[in-house]
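Contents: one structure, followed by commentary.
The values are calculated or read from the model by the stated rules, or taken from the named source; none is laboratory data. Bear in mind the structure is a predicted one, so any value in this text is a computation, not a measurement. Don't worry about glycine lacking a Cβ; one is built from the backbone with ideal geometry, like all the others, and counts go over all protein chains shown. With ligands, DNA and RNA removed, areas are computed over all heavy atoms of the protein, side chains included. Shrake-Rupley method; radii C 1.70, N 1.55, O 1.52, S 1.80 Å.
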Amino acid sequence: MKIILFIIQKEFKQIFRNKAMLPLLFVMPFMQLLILSYAASFEIKNIKIGFVNHDNSQTSYKLISKFQSVSIFSLSENFSTIKDAEASMEQGKVDVIVEIPNHLEKKLLNDNETSLSVIINAIDGAAAGIENVYVTQVIKDFNQSIKSELVITSFDSENEPYFNVIVIPSFWYNNTLNYKTYMVPGILVLLVTMLTLFLSGMNIVREKEIGTLEQINVTPIKKHQFIVGKLFPFWVIGLLVLTIGLLIAKIVFSIPILGNVFIIYGFAALYLMVILGIGLFISNFTETQQQSMFISWFFMVVFILMSGLFTPIESMPVWAQRITYINPIRYFVEFTRMVMLKGSGFYEVRIHFIIIVAYAILVNFLAIWSYKKVN
């Protein structure tokens, strides 16, 4: 035990002597948390919308006014022809074009229906889908309001009664629909993962580069003592980063932490063993810090994109959903959101615990097995 403590002491001294590493440990992660939480958003605002009004009736101007009253839409201009509007979209000056046909008001009065042409810039398919929902919702609301103004319905004994059904939605777990509430827990998981993976892998490889690893290998220090002493400081740093990140999430972004904090730390402690094991495994097969960084970043990009952090796993193809079962980041992202936002207890997340424990045993066994004390 004394040998492990001496190695841990040596590692902490080495970490804090490196002036370049201290900002990397305690400044960059929280700057990234603050910046990414605002930048990583799928919310669409300031949609530039243009109109081609062929009707010029009071109803058509009410429709344009309806769009102007919605804060997410920014009126670009009113175009005289559809060609002018399309040219403006090609130049990037307008995102959505609404073409109002001739005799809009007359058709509504006589036929109780009409059609609008909506053109949406779909270079960004995800943004175009959201813009389509916004436009459809505004037109739907306008349709309901104009119906009561233009159509006079009389009821008598022979007519069927008219029922108006009103839907009142109830949003659970994020009643303000704040996107940061969804993103901040996931970004916190991402930062803890990246920091501990990169630093643990690079630290061991650095010992190879400067030649101190060979000196340690010829000492009577046992393999498990060296590995525990080498990785334990980064395990502590990972929990410290998680603590400060949770405080920032609570104080700066007002993210609710409805579940038990001790469950979060218990899961994080096991999860960090998985990540540190992966870092050790990568370092066993690399000779330089550049190689370690490249391989670590390759796996991190795949893990991040298939973790459900930015896109729902349910929307992925079936084969991709199956691959996510071997992604440890997926389980930590799901776990964090369930505990922090839903207030889930141990029973609800027990499967996540079992999977991470199995993952930690497997990864660390492979890492220790592949580590050699000889060249």
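Here are 13, 62: which of them is within 20 Å of residue 142 (Cβ to Cβ) and surrounded by fewer than 18 Cβ atoms within 10 Å (Cβ to Cβ)?
Details: 13 fails: within 20 Å of residue 142 (Cβ to Cβ).
So the residue among 13, 62 that is within 20 Å of residue 142 (Cβ to Cβ) and surrounded by fewer than 18 Cβ atoms within 10 Å (Cβ to Cβ) is 62.
Could you tell me whether region 336-353 includes any residue that is within 14 Å of the chain's Cα centre (by Cα) and in a helix (DSSP H, G or I)?
yes
Regarding region 185-206, can at least one residue be identified that is of a type in the set (Lys, Arg), in contact (Cβ under 8 Å) with a residue 24 or more places away in the chain, surrounded by fewer than 21 Cβ atoms within 10 Å (Cβ to Cβ) and in contact with a helix residue (DSSP H, G or I) (Cβ under 8 Å, 6 or more places away or on another chain)?
Yes, there is a match, as at least one residue in region 185-206 is of a type in the set (Lys, Arg), in contact (Cβ under 8 Å) with a residue 24 or more places away in the chain, surrounded by fewer than 21 Cβ atoms within 10 Å (Cβ to Cβ) and in contact with a helix residue (DSSP H, G or I) (Cβ under 8 Å, 6 or more places away or on another chain).
For every residue, the table says whether it meets (1) among the charged types (D, E, K, R); (2) in a strand (DSSP E or B).
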| site | (1), (2) |
| --- | --- |
| 97 | no, yes |
| 106 | yes, no |
| 113 | yes, no |
| 133 | no, no |
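For region 234-247, indicate whether the set of residues that are under 22 Å from residue 344 (Cβ atoms), open to solvent by 70 Å² or more (accessible area, probe 1.4 Å) and either out of contact with any His (no Cβ under 8 Å at 6 or more places or on another chain) or touching a residue at least 60 places away in the same chain (Cβ under 8 Å) (or both) is non-empty.
Within region 234-247 (the criterion being under 22 Å from residue 344 (Cβ atoms), open to solvent by 70 Å² or more (accessible area, probe 1.4 Å) and either out of contact with any His (no Cβ under 8 Å at 6 or more places or on another chain) or touching a residue at least 60 places away in the same chain (Cβ under 8 Å) (or both)), the answer is yes, since at least one residue qualifies.
Exactly one of (1) open to solvent by 30 Å² or more (accessible area, probe 1.4 Å); (2) in a helix (DSSP H, G or I); (3) touching a residue at least 60 places away in the same chain (Cβ under 8 Å) is unmet by residue 271. Its number?
Exception for residue 271: condition (1).
Residues are listed down the side, and each one gets a yes or a no for (1) surrounded by 11 or more Cβ atoms within 10 Å (Cβ to Cβ); (2) of a type in the set (S, T, N, Q):
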position	(1), (2)
82	yes, no
85	yes, no
88	yes, yes
92	no, no
97	yes, no
123	no, no
132	yes, yes
136	yes, yes
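All but one of (1) open to solvent by less than 40 Å² (accessible area, probe 1.4 Å); (2) under 30 Å from residue 238 (Cβ atoms); (3) more than 37 Å from the chain's Cα centre (by Cα) hold for residue 3; state the number of the condition that does not hold.
(1)
Looking at (1) in a helix (DSSP H, G or I); (2) open to solvent by 90 Å² or more (accessible area, probe 1.4 Å); (3) under 22 Å from residue 134 (Cα atoms), which is the one condition that is false for residue 71?
Every condition holds for residue 71 apart from (1).
Right, residue 368: assigned to a helix (DSSP H, G or I), within 22 Å of residue 249 (Cβ to Cβ) and open to solvent by 10 Å² or more (accessible area, probe 1.4 Å) or not? Spell out how you get there, then give the answer.
Details: assigned to a helix (DSSP H, G or I): yes; within 22 Å of residue 249 (Cβ to Cβ): no; open to solvent by 10 Å² or more (accessible area, probe 1.4 Å): yes.
No, not satisfied.
For (1) free of Cβ contacts under 8 Å to residues at least 12 places away in the same chain; (2) among the acidic types (Asp, Glu); (3) surrounded by fewer than 14 Cβ atoms within 10 Å (Cβ to Cβ), each residue gets a yes or a no:
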residue: 251; (1), (2), (3): yes, no, yes
residue: 261; (1), (2), (3): no, no, yes
residue: 267; (1), (2), (3): no, no, no
residue: 295; (1), (2), (3): no, no, no
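If I filter region 339-350 for residues that are open to solvent by 30 Å² or more (accessible area, probe 1.4 Å), among the charged types (D, E, K, R) and within 21 Å of residue 249 (Cβ to Cβ), do I get at least one hit?
yes
Give all pairs with beta carbons closer than 8 Å in which a residue from region 305-330 that is free of Cβ contacts under 8 Å to residues at least 12 places away in the same chain and farther than 18 Å from residue 126 by Cβ meets a residue that is assigned to a helix (DSSP H, G or I) and open to solvent by 70 Å² or more (accessible area, probe 1.4 Å); count only pairs at least 6 apart in sequence or on separate chains.
321/314
Would you mind stating whether residue 119 is in contact (Cβ under 8 Å) with a residue 24 or more places away in the chain, over 30 Å from residue 308 (Cβ atoms) and touching a strand residue (DSSP E or B) at 6+ places or on another chain (Cβ under 6 Å)?
The answer is yes for residue 119.
Anything in region 304-335 that is open to solvent by less than 30 Å² (accessible area, probe 1.4 Å), of a type in the set (A, V, I, L, M, F, W, C) and part of a helix (DSSP H, G or I)? List them, or say none.
304, 313, 320, 329, 332, 333, 335
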